[in-house]
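Peer 1: Dumping the structure here so I can ask a few things about it.
Values quoted throughout were computed directly from the atomic coordinates according to the rules given, and no laboratory measurement underlies them. Fair warning: this is a prediction, and the values are worked out from it, not measured in the lab. Heads up, the Cβs are rebuilt from the backbone with ideal geometry, glycines too, and the neighbour counts pull from every protein chain shown.
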4 protein chains.
Amino acid sequence: MQPVMTIDEVHAFLETDFPQIHTDGRVFTVTAISAGRITMQLDPNERHLRPGGTVSGPSLFALADVAAYVAVLAHIGPVALAVTTNLNINFLRMPKPAPLNCTCRLLKLGKRLAVIDAAIYQENPGELVAHATATYSIPPK
Amino acid sequence: MQPVMTIDEVHAFLETDFPQIHTDGRVFTVTAISAGRITMQLDPNERHLRPGGTVSGPSLFALADVAAYVAVLAHIGPVALAVTTNLNINFLRMPKPAPLNCTCRLLKLGKRLAVIDAAIYQENPGELVAHATATYSIPPK
Amino acid sequence: MQPVMTIDEVHAFLETDFPQIHTDGRVFTVTAISAGRITMQLDPNERHLRPGGTVSGPSLFALADVAAYVAVLAHIGPVALAVTTNLNINFLRMPKPAPLNCTCRLLKLGKRLAVIDAAIYQENPGELVAHATATYSIPPK
Amino acid sequence: MQPVMTIDEVHAFLETDFPQIHTDGRVFTVTAISAGRITMQLDPNERHLRPGGTVSGPSLFALADVAAYVAVLAHIGPVALAVTTNLNINFLRMPKPAPLNCTCRLLKLGKRLAVIDAAIYQENPGELVAHATATYSIPPK
């Protein structure tokens, strides 16, 4: 399961085809792409924070969702529009108001469905803030 | 399972204790509360829309999450801070750029956990845009 | 969303094409089929019980899974083999060692995916023992 | 997150407190326990197989469920009865009629809830047959 796009190519694609992820500023960045795996970072701003100094649930969901999309995109190329059909998320620990990393692994990349494991953490990849599993439907070519 | 708060009481509580839901304008409104059940509406604005004229996945997630929270709140009262531990969402049909209703039913309201079924629809409650199941952890009193 | 098979037709199909559901005796019975909806009953025997007089988790899973399959089958006909791709189940209350009913509603019946809501209860349909959401992949004809 | 029980201790505990997992013969075996992680094997017999030579969905569910239970047990000790509250499973590839391994990682081990990631595979741990996430409720001591 080799990637077919580089970080720069993914960023360029998102810029033109998915500009709405930058509505709140340039908070989402792809930081790594390798075989079957990508990492995306969310650098939260005021909109993502919650009283008490944490990051909101919808922000964690959005990070998992867009990172899973990028995992599929980077491995099938910018040929078709995959859409989320299911996302299951467990909230494990209160995040601090600081950057969040989401590492996605492709558990399956079929012709019709992709299933992605998404682990969200801050400094320590062994101490997850949230964990999600997402299914994307891949349209016929 | 009788509610212990009215729509006005829930709105007043959200105003003071959860003002961040109004960051994008007053888009979330509780429209009904009855035994074991509440309905919340999201009136989407530019921020919630996506190219092609649909409402974004994170907006649907946010609606299900806040509506499930309100379902718990309305039945246990403003005494403690429940937090989402799990949310599973299925995206079923592309919504139109128009108001979305989310009807939540309390499947279980225990001492420690509440489980909520959330059905999101537009005009037709029989044709769901999305369906979610959420678990909230209720802290000890 | 009208059904295309009767209860007798579904039972006959399961008999020939899915005999393994009767491995533990004739414990699974379809009790109702209507538009977008079916109900299946599990009459538990020794194998499904657990010490303390309850029904095991895997038995509840099996009931939700086979009932969701029947919901799809009854509405698309015995033309193709649908397979479960995702099942999310919440265990809500300890069941008694007595028959369990599972009412499934088709939330979506698309060309490629069906999404089913499954509510498991004993006497009282308003007091669920478990609730599941399942996705079935429907193969191309 | 260090384990507090050995493989032999877990087997002895299951023998006396959870004998029903041996109803179909001694098919479940714990093969590894380490910090935050355990592996369990299911050696399927006729009851777990399906026509076409695969292992049934309920058998995969049962493996994920009991392995997640053992992951919690091995790290909190035989002091209390944890119960499954939620299990989300994705079926990824048809298993062959051969032993299945399930490696569970504790994503969170809190006072009230444990969240476990369960990966099911045959020869190749990188090619999953199924993936599950489970939540167990831990009763007060």
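Peer 1: Would you kindly work out, in nm and rounded to one decimal, the distances from the label point of D:Pro19 to those of the same position in each other copy, ordered shortest first, with label points 7 Å along Cα-to-Cβ?
Peer 2: 3.3, 6.4, 7.0
Peer 1: Moving on to the next point. For segment B:7-137, what are the per-bin percents of Cα-Cα distances with bins 10 Å wide, up to the bin holding the maximum?
Peer 2: Cα pair-distance distribution for segment B:7-137, in percent: 13, 47, 33, 6, 0.
Peer 1: About the Cα centre of segment B:39-141, what is the dipole size in debye to 20, counting +1 per Lys and Arg Cβ and -1 per Asp and Glu Cβ, all else neutral?
Peer 2: 380 debye
Peer 1: What distance in nm separates the simple spin-label points at A:Gln122 and C:Thr16, each placed 7 Å from Cα in the Cβ direction?
Peer 2: Going by the 7 Å Cα→Cβ label model, 6.2 nm.
Peer 1: Using only Cα atoms, find the angle between the long axis of helix B:7-17 and the longest principal axis of chain B, and express it within 0 to 90 degrees, rounded to the nearest 10.
Peer 2: For helix B:7-17, the angle is close to 90 degrees.
Peer 1: Hey, another quick one. Over the protein assembly as shown, consider all pairs of different Cα atoms and compute the Kirkwood hydrodynamic radius from their mean reciprocal separation; express it in Å, one decimal.
Peer 2: Over the protein assembly as shown, the inverse of the mean reciprocal pair distance is 24.1 Å.
Peer 1: Next question, about the same structure. Taking each residue in D:105-118, count the Cβ atoms of any other chain within 10 Å of its Cβ, then average. What number comes out?
Peer 2: That works out to 4 on average.
Peer 1: So how far, in whole Å, is the C-alpha centre of segment A:1-32 from the one of segment D:55-88?
Peer 2: Spelled out, the Cα-based centre of one part sits 38 Å from the other.
Peer 1: Of A:Asn88, A:Gln2, A:Gly53, which is farthest towards the positive pole of chain A's charge dipole, taken about the Cα centre with +1 and -1 on the beta-carbons of Lys, Arg and Asp, Glu respectively?
Peer 2: Of A:Asn88, A:Gln2, A:Gly53, it is A:Asn88.
Peer 1: Just to be sure I understand: of the beta bridges DSSP finds with both ends in the protein assembly as shown, what percent are antiparallel, rounded to 5?
Peer 2: In the protein assembly as shown, DSSP labels about 100 percent of beta bridges as antiparallel.
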